[in-house]
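S.K.: Can you read through this structure? Questions will come right after.
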Amino acid sequence: MTPFELGFEILLIVLSLSLLLCFIRLYLGPDVPDRTVSFDLIASHAVGMFALYAVRTGSRELLDGAIVTTLLGFLGTLMLARYLERRGLQEEE
């Protein structure tokens, strides 16, 4: 195993542990904004894992998956922010 491959393995392990912490925050989050941030972090971690695995295996198709995951994560965060904004406006009325 080369140092480059070892670096990939270490990065995947660190990303996996960090992803687990993000899922815990998503589950335990006291309110919706905390869950929104954790959802965004989960999407970012997924993109990082897709990219690392794509570089490791030389698969270009996985990079397409990373791009789609980025877009879906952004749209999910955008929808949750819009929901929070509308909910705040309804509470003021």
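The values are calculated or read from the model by the stated rules, or taken from the named source; none is laboratory data. The structure presented is a predicted model; accordingly, all values stated were derived computationally and were not measured. Cβ placement follows ideal geometry from the backbone for every residue including glycine, while neighbour counts extend to all protein chains displayed.
S.K.: Between Met49, Met79, which is of a type in the set (A, V, I, L, M, F, W, C), farther than 24 Å from Leu11 by Cα and assigned to a helix (DSSP H, G or I)?
M.R.: Being of a type in the set (A, V, I, L, M, F, W, C), farther than 24 Å from Leu11 by Cα and assigned to a helix (DSSP H, G or I) holds for just one of Met49, Met79, which is Met79.
S.K.: Which residue out of Ser18, Ser38, Ser44, Ser59 is free of Cβ contacts under 8 Å to residues at least 60 places away in the same chain and either of a type in the set (Val, Ile, Thr) or not in a helix (DSSP H, G or I) (or both)?
M.R.: Answer to the selection: Ser59.
S.K.: Return the pairs, sorted by first residue and then second, in which the second residue is of a type in the set (D, E, K, R) and surrounded by 15 or more Cβ atoms within 10 Å (Cβ to Cβ), the first residue lies in region 63-79 and is closer than 19 Å to Leu52 by Cα and modelled with pLDDT under 90, the beta carbons are less than 9 Å apart, and the residues are 6+ apart or on different chains.
M.R.: Pairs found: Gly73/Asp40.
S.K.: Follow-up question, since we're still on this one. Evaluate region 35-47: report whether one residue or more is over 17 Å from Thr70 (Cα atoms), surrounded by fewer than 17 Cβ atoms within 10 Å (Cβ to Cβ), of a type outside the set (A, V, I, L, M, F, W, C) and out of contact with any Lys or Arg (no Cβ under 9 Å at 6 or more places or on another chain).
M.R.: no
S.K.: Check region 63-76 and report whether any residue there is of a type in the set (S, T, N, Q) and either under 30 Å from Met1 (Cβ atoms) or surrounded by 12 or more Cβ atoms within 10 Å (Cβ to Cβ) (or both).
M.R.: Yes - at least one qualifying residue is present in region 63-76.
S.K.: Taking the residues in region 21-34 that are part of a helix (DSSP H, G or I) and charged (D, E, K, R) as candidates, determine which candidate is surrounded by the fewest Cβ atoms within 10 Å (Cβ to Cβ).
M.R.: Asp34
S.K.: Sticking with this structure for a sec: Hey, can you tell me all the residues within region 1-54 that are among the hydroxyl-bearing types (Ser, Thr, Tyr) and out of contact with any helix residue (DSSP H, G or I) (no Cβ under 8 Å at 6 or more places or on another chain)?
M.R.: Thr2, Tyr27
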